[in-house]
Amino acid sequence: MIEPDADVIIVGAGPAGLSAAQYGARANLDVLVLEQLVPGGQAAAIDVLENYPGNFSAAGAPARTGQEFALDMHKQAEAFGARFESGVVTEISLNAAGGLFTLTLSNGQIRRSPAVIIATGTKHRKLGINGEERFNGKGVSYCATCDGPFFKNRRILVVGGGDSACDEAQYLSRLSSQIILVHRRDRFRAQKALAERVLKNPHIEVRFNTRLLEIKGGTTVDSVILEKIPGGERYEEETRAVFIFAGAEPQVPATDGLNTDSGGYICTDQNMASSVPGIFAAGDVRTTPFRQVVTAVGDGAIAAHSAVEYLDSCGVKS
Ligand code: NAP
C-alpha cells in the first residue's frame, strides 16, 4: 500500500496557506506545506500592513510589515506541528486505487496525501510591451519594497490604478519626490482612502488616461513612450525605473476536474471545497470578491476546518 506523506498537503505559504497550516496542525492533522520561495507570498512585499485588524500601533509607530507578519505566522504554524518543504507543485492527480492525491513537483519528486489545500495565490500580470522583458531587473520591477531602494531620488514611473499601484506609489514617494503614476482610465480602481492619499501626495504626479507603450534604454531604463487616451498623442518621458502593477493572474497547478472561472481562478463553495472532493482552495487563487490578507487568512482557516471534516468523513482521521 502507498503511504501518504501527510494527512493534508497545503500548496503555498502565503497568508491563506499559513493560516490553513496552523488551523490544520492545531486540529491534529499531519500537515505538510510546500512553498516555492519564502513564506508570506505577495503579502511579504507589503511595506506597512496597516489594514489588518489589530496590526496597529496606537503609539503612532508603523504597523508590522507584511514580512514580519508572515514570519510570525510561519513560526506559529511550525509551533503547532506543521512541516514545511520547498517545492513547486506543477500537477495534482488522483490515484484512484489508494484514494490519495499525487502532487508532482517541478524537480520530478512526488508527494501524496488524501486531502489538498491549494493556496498558491497569484502572480503579477505583465503588460507585454516592448522593453518589459529586456529591462526586467534592470529598471523594470513588479515590487516596490524589493527594488525601490535602488532608485532613491531618481525619476520613477508607476503603472496601474488598483490598490497595488497606489500602495506601492506611496511607498516609492518616501524614496523619491519624482514619481509619475500613469493609469489608462480617468479614475482609480483602488479603495478610496488609498486613491485619495495618492492624489494628495506632492511627490506623486498622477496622469490619468495615459498608456505606457514602450520602455527604452541601453543597459538599464532611460525613458518610456507614453500615449494619451483618447487622441493617441505620444511622447517620450525620462525615467530610471518602471514599476508595473497591472493586476494579477492565478497560479493554479494542472489538476484534473478542477473548475475555474473565466479568469482562471478556482471556483469553491463557502467551505472552500473545489469541484474535486478532497481538494480545497483558499486565498487569492480562488474566485472571491475581495482579495486581502485578512480574507485570505479567513479562507485558510475554513479550508483547514473543511479538510478535517472531509478526512473524518472518509475515515482517514477521526
Ligand atoms: P487590480 O485591482 O486588478 O488592478 C489592476 C490595475 O491595473 C487596474 O487599475 C487596471 O486598470 C490596470 N491594468 C490592468 N491591465 C492593464 C494593462 N494591460 N495596461 C495598463 N493598466 C492595466 O490589481 P492589484 O492592484 O494588483 O490588486 C489585486 C488584489 O489585491 C485586489 O483585490 C486588491 O484589492 C488587493 N490588494 C489590496 C491591497 C490593500 O488592501 N492595501 C494592496 C494591494 C492589493 P483598470 O482599472 O482600467 O482595469
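The values are calculated or read from the model by the stated rules, or taken from the named source; none is laboratory data. Note that the structure is a prediction, hence the values are computed from the model and not measured. Positions of Cβ are backbone-derived with ideal geometry, glycine not excepted, and every protein chain shown enters the neighbour counts.
Quick check on the range 25-36. Is at least one of its residues among the acidic types (D, E) and assigned to a helix (DSSP H, G or I)? Looking for residues that are among the acidic types (D, E) and assigned to a helix (DSSP H, G or I), one finds none in the range 25-36, hence no. Report yes if D47 is outside the structural domain of L212 (by TED's automatic domain parsing), within 29 Å of Y310 (Cβ to Cβ), among the acidic types (D, E) and not in a strand (DSSP E or B), otherwise no. For D47, the condition - outside the structural domain of L212 (by TED's automatic domain parsing), within 29 Å of Y310 (Cβ to Cβ), among the acidic types (D, E) and not in a strand (DSSP E or B) - is not met.
Here E168 meets each of (1) of a type in the set (D, E); (2) away from the ligand (no atom under 11 Å from the Cβ); (3) out of contact with any Lys or Arg (no Cβ under 9 Å at 6 or more places or on another chain) with one exception, condition (2).
Does G128 satisfy the criteria of being without any contact (Cβ under 8 Å) to a residue 60 or more places away in the chain and assigned to a loop (DSSP other than H, G, I, E, B)?
Details: without any contact (Cβ under 8 Å) to a residue 60 or more places away in the chain: yes; assigned to a loop (DSSP other than H, G, I, E, B): yes.
Yes, satisfied.
S176 satisfies every condition listed in (1) within 14 Å of the ligand (Cβ to nearest atom); (2) touching a His at 6+ places or on another chain (Cβ under 9 Å) except (1). Only a single item in (1) free of Cβ contacts under 8 Å to residues at least 40 places away in the same chain; (2) away from the ligand (no atom under 16 Å from the Cβ) is not met by V116, and it is number (1). Here F188 passes the criteria (1) away from the ligand (no atom under 11 Å from the Cβ); (2) surrounded by 19 or more Cβ atoms within 10 Å (Cβ to Cβ); (3) in a loop (DSSP other than H, G, I, E, B) except the one numbered (1). Taking first residues from the range 62-75 that are surrounded by fewer than 19 Cβ atoms within 10 Å (Cβ to Cβ) and partners that are among the charged types (D, E, K, R), the Cβ contacts under 7 Å between residues at least 6 apart in sequence or on separate chains come to A63/E50.
From the list G263, G298, which residue is loosely packed, with under 15 Cβ neighbours inside 10 Å, of a type in the set (G, A, S), within 16 Å of the ligand (Cβ to nearest atom) and within 18 Å of the chain's Cα centre (by Cα)?
On the way: G298 fails: loosely packed, with under 15 Cβ neighbours inside 10 Å.
Every option except G263 fails the conditions.
Remark: pairs (first residue in the range 35-46, more than 14 Å from H74 (Cβ to Cβ) and more than 9 Å from the ligand (Cβ to nearest atom); second residue at pLDDT 85 or above and among the hydroxyl-bearing types (S, T, Y); Cβ separation under 8 Å; 6+ apart in sequence or on different chains) = Q36/S86; A45/T145.
Specify the residue that is nearest to the ligand (Cβ to nearest atom); the eligible residues are those in the range 266-295 that are of a type in the set (G, A, S) and on the phi > 0 side of the Ramachandran plot. Write out each step before concluding.
Within the range 266-295, the subset of a type in the set (G, A, S) is 273-275, 278, 281-283.
Now drop any that are not on the phi > 0 side of the Ramachandran plot, which leaves 278, 283.
Details: G278: 28, G283: 11 Å.
Within the range 266-295, the match that is nearest to the ligand (Cβ to nearest atom) is G283.
From the residues in the range 136-165 that are surrounded by fewer than 16 Cβ atoms within 10 Å (Cβ to Cβ) and either acidic (D, E) or in a helix (DSSP H, G or I) (or both), which one is nearest to the ligand (Cβ to nearest atom)? That would be C146.
Condition check for A193 on (1) assigned to a helix (DSSP H, G or I); (2) within 12 Å of the ligand (Cβ to nearest atom); (3) at pLDDT 95 or above: one failure, at (3). Only one of the numbered conditions (1) touching a residue at least 60 places away in the same chain (Cβ under 8 Å); (2) farther than 25 Å from I46 by Cα; (3) within 11 Å of the ligand (Cβ to nearest atom) is not met by L212, and that is (2). Contact map, the range 264-285: first residue without any contact (Cβ under 8 Å) to a residue 40 or more places away in the chain, second residue buried (at least 23 other Cβ atoms within 10 Å of the Cβ) and basic (K, R), Cβ cut-off under 7 Å, separation 6 or more or different chains; pairs are Y265/R286; T268/R286. May I ask you to say which residue of E196, E168, E133 is surrounded by fewer than 15 Cβ atoms within 10 Å (Cβ to Cβ) and in the same structural domain as G232 (by TED's automatic domain parsing)? Exactly one of E196, E168, E133 is surrounded by fewer than 15 Cβ atoms within 10 Å (Cβ to Cβ) and in the same structural domain as G232 (by TED's automatic domain parsing), namely E196.
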